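Quick notes on the structure that follows.
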Amino acid sequence: MNIETGDNCTHFFKVLVAALALFISVFAMGAEGAALPEAAARIQSAYRQIRDASGSFEQKSYLKDLGKTETYGGDFMIKLPSRMRYIYKTGSQDQVIIMKDTVIIYQKKENQVLKGKFDAGTYGTAPVAFLSGLGDIERDFRVTEKKGELILKPKDPMSGITFIEVEPSNGAFPVKSFRIHDRYANTVQITLKDVRLNRGMKDSAFEFTPPAGTSVFDYTH
């Protein structure tokens, strides 16, 4: 069973896709030898120096069916090649954690944890490849540049994503923001702030122990 199929998971599956896009739009740029636009080449050059990153983010999710925009904020941590943690602090108190081939979604309000496999069958080939550090942006995306922004269009279906817009940054961290567009005309924009690089992040920063009394739904089997 895929964790996104549950009735309670619809919103946070979209959040997870947004989180994946951070890997896709930033860390995928490390592919060697890709014939990329100038902005992508700058990101690729900066990427080679990054081992881990942490900071804060603002997320604006436009849900077409509801006709409204929801705003969230919080902190993120990333460690190459395959660990990520999103900690929501405004608009939600939930967390999304990826550790290699496992994804954990902690829904504090519902007092539950959803645990599933992070694999190609669930989330598409490209995101899994990038999380494994094996992605090739030229292989998996059609990349163009428009007014200084990158437009990434998946060559194969990718969790409903139709394209990603990436706004480069002139700072040490090479991406300022990105917008994910899906086939249902929903959009998620994430803006990164106060990014810190290469602080020697430990693997233990991505471990998660549910609070006592939390219901755990394990779909990894």
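Points to keep in mind about this one:
- Counted residues, the stretch 50-70 - those being under 19 Å from Ala185 (Cβ atoms) and touching a strand residue (DSSP E or B) at 6+ places or on another chain (Cβ under 6 Å): 6
- Residue tally, condition surrounded by 12 or more Cβ atoms within 10 Å (Cβ to Cβ) and outside any loop (DSSP other than H, G, I, E, B), over the stretch 207-217: 1
- Selection count, the stretch 141-172, where residues are touching a helix residue (DSSP H, G or I) at 6+ places or on another chain (Cβ under 8 Å), outside any strand (DSSP E or B), on the phi < 0 side of the Ramachandran plot and surrounded by fewer than 20 Cβ atoms within 10 Å (Cβ to Cβ): 3
- The set of residues in the stretch 83-108 being buried (at least 19 other Cβ atoms within 10 Å of the Cβ) and not in a strand (DSSP E or B) consists of Ser92, Asp94.
- The stretch 80-106 residues that are under 20 Å from Asp203 (Cβ atoms), paired with ones that are of a type in the set (Phe, Trp, Tyr) and surrounded by fewer than 19 Cβ atoms within 10 Å (Cβ to Cβ) (beta carbon under 8 Å, 6 or more apart): Gln95/Phe208; Ile97/Phe208; Ile104/Phe208; Tyr106/Phe208
- Residues that are exposed (fewer than 14 other Cβ atoms within 10 Å of the Cβ) and either without any contact (Cβ under 8 Å) to a residue 40 or more places away in the chain or in a strand (DSSP E or B) (or both) within the stretch 197-206 comprise Lys202, Ser204, listed in sequence order.
- Test: residue in the stretch 63-78 that is crowded, with 16+ Cβ neighbours inside 10 Å, modelled with pLDDT under 90 and over 14 Å from the mean Cα position of the chain (by Cα): yes
- Filtering Phe130, Phe118, Phe141 for residues that are at pLDDT below 80 and closer than 16 Å to Phe206 by Cβ leaves a single hit, Phe118.
- Matching residues in the stretch 142-172 - criterion: being touching a strand residue (DSSP E or B) at 6+ places or on another chain (Cβ under 7 Å), of a type in the set (D, E, K, R) and without any contact (Cβ under 8 Å) to a residue 24 or more places away in the chain: Arg142, Lys153, Lys155, Glu165, Glu167
- Within the stretch 36-51, residues that are within 21 Å of Arg142 (Cβ to Cβ) and part of a loop (DSSP other than H, G, I, E, B) have Cβ atoms under 8 Å from residues that are among the β-branched types (Val, Ile, Thr) and modelled with pLDDT of 70 or more in these pairs: Leu36/Val143; Pro37/Val143; Pro37/Thr144, counting only partners at least 6 apart in sequence or on another chain.
- Total residues in the stretch 173-192 satisfying the condition of being crowded, with 16+ Cβ neighbours inside 10 Å and in contact (Cβ under 8 Å) with a residue 24 or more places away in the chain: the figure is 13.
The values are calculated or read from the model by the stated rules, or taken from the named source; none is laboratory data. This structure is a prediction, so every number in the text was calculated from the model and none was measured. Glycine also receives a Cβ, built like all others from the backbone with ideal geometry; neighbour counts cover every protein chain displayed.
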